[in-house]
Amino acid sequence: MKTLRLISLFALMALIAGACSKQDSFKSADEMVAKAMKHVKLMTPQELHDMMEAGEETYILIDVRQEKEHYYGYIPGSVVLPRGSLEFNIADTAFWENEGMYMPEKSDKIIVYCKKGQRGILAAETLGKLGYTNVYAIEGGWKNWELTYPDLIEKDLDKLGGHSSKPASSGGC
């Protein structure tokens, strides 16, 4: 009888463990984003623009795309912190000092964006899991900002090495 109870207990524990491990399984990235959306606050490009224009509120704007993506165009004032290293650098004083900024506090307003919005949503969820309480993702990401404010984007193609604003030298070979 004792053995039967013990076997039943182990079977129940295995069943619970199996259910828990399947709980965070996703068939696609879209499913993962859909689940994250339940925990993430969104901000429209208009809301960000209004906040930037008012200049009354302090916030940190983070571009979670890869550095190369950022150089093709970005929202003015944003810091590049790719999603792949977000968890490791968000609380790294040296990273923020290198950017000439203070490291964000857990209660600071942080706004993240990516190209179309999905990585931004996952990044915002991650920051929430790390204890940041005032995090927003830009609805529709960079593309939505670019379509809404095409004249308010920064492009720095010099960093890609394909374009130079410096005049060509007249001397040399």
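The values are calculated or read from the model by the stated rules, or taken from the named source; none is laboratory data. Values in this document were obtained by computation on a predicted structure and should not be read as measured data. Here the Cβ is made from the backbone with ideal geometry for all residues, glycine too, and neighbour counts use every protein chain on show.
Worth a mention:
- The residue that is modelled with the highest pLDDT, among those in the range 142-162 that are part of a loop (DSSP other than H, G, I, E, B) and loosely packed, with under 11 Cβ neighbours inside 10 Å, is P150.
- Restricting the range 37-77 to residues that are β-branched (V, I, T) and part of a strand (DSSP E or B), the residue that is surrounded by the fewest Cβ atoms within 10 Å (Cβ to Cβ) is I60.
- Some residue of the range 100-111 being at pLDDT below 95, within 14 Å of W142 (Cβ to Cβ), in a loop (DSSP other than H, G, I, E, B) and among the hydrophobic types (A, V, I, L, M, F, W, C): no
- Members of the range 115-132 that are outside any helix (DSSP H, G or I) and hydroxyl-bearing (S, T, Y): Y132
- Single condition E97 does not satisfy, out of (1) more than 17 Å from E67 (Cβ to Cβ); (2) at pLDDT 95 or above; (3) under 19 Å from the mean Cα position of the chain (by Cα): (3)
- Residue match in the range 80-87 (condition: of a type outside the set (S, T, Y), part of a loop (DSSP other than H, G, I, E, B) and without any contact (Cβ under 8 Å) to a residue 60 or more places away in the chain): yes
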